[in-house]
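Worksheet: the structure to be examined is printed underneath.
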């Protein structure tokens, strides 16, 4: 016996309420609460910011818009959301500097403990990681998952140590609802990640699962760089050249 197909109301809510386009929305729901975050640079007349709204009646109506990001001069990017209980978590990448006129990004995090009524001041959770120069290589977003008062963020980071460039899969977990995510030590899950595919995450109970794509250094006995080999081959063979890993 098949479950009935979901039905949607005929009413469409304009959540952003802005004549200028908004973009890249993310959504999460717990009980009757629906949380929506997106990117927009018009509501507050500044650069691209992370905006947020909450509904406490199953999406029938939404409250006032809240600007979560706090940097008026640089763009936010790739916002992600997770929610559990009364906690709401947002993570995004923030342009913090330019290297040779190319923007580099740090990873910022903010949380709410009262169903999105108010958010903590954003904190940079990518600091104090040795050699980390960019938390948004090739435009790849971070990912976030939560269970109870535990929240975990994973992302692909570019590091340069002794003039050697690597792509690492980093993870940070807070067991206190995100209040210490800026200071807890990051776990390096991989140092040879494929730079064009980001990690994914799932969290349930006391377990966190992360999967990513590794970049091999050899192919068919030839000492060739894995990335260079991929670029020269048919895309249909792409997945055969990489290993898929999972950690818990």
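The values are calculated or read from the model by the stated rules, or taken from the named source; none is laboratory data. Computed from a predicted model, the values in this text were never measured in an experiment. Glycine gets a Cβ as well: all are built from the backbone with ideal geometry, and neighbour counts include every protein chain shown.
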On the given criteria, is residue 159 crowded, with 18+ Cβ neighbours inside 10 Å, closer than 22 Å to residue 209 by Cβ and touching a strand residue (DSSP E or B) at 6+ places or on another chain (Cβ under 7 Å)?
-> no
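Tell me which residues, restricted to region 78-101, are modelled with pLDDT under 90 and in contact with a strand residue (DSSP E or B) (Cβ under 9 Å, 6 or more places away or on another chain).
Step one: list which residues in region 78-101 are modelled with pLDDT under 90, which gives 94-101.
Scanning region 78-101 gives 94, 95, 96, 97, 98, 99.
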Within region 199-220, residues modelled with pLDDT under 90, in a loop (DSSP other than H, G, I, E, B) and surrounded by 15 or more Cβ atoms within 10 Å (Cβ to Cβ) come out as 215, 216
Expected single match for touching a strand residue (DSSP E or B) at 6+ places or on another chain (Cβ under 8 Å), without any contact (Cβ under 8 Å) to a residue 40 or more places away in the chain, farther than 15 Å from residue 148 by Cα and crowded, with 20+ Cβ neighbours inside 10 Å among 193, 186 is 193
Going through (1) surrounded by 15 or more Cβ atoms within 10 Å (Cβ to Cβ); (2) at pLDDT 90 or above; (3) within 20 Å of the chain's Cα centre (by Cα) one by one, residue 62 fails only at (3)
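Out of the residues in region 129-152 that are farther than 18 Å from residue 84 by Cβ and in a loop (DSSP other than H, G, I, E, B), state the one that is modelled with the highest pLDDT.
141
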Does at least one position in region 119-128 carry a residue that is in contact (Cβ under 8 Å) with a residue 60 or more places away in the chain and surrounded by fewer than 22 Cβ atoms within 10 Å (Cβ to Cβ)? yes
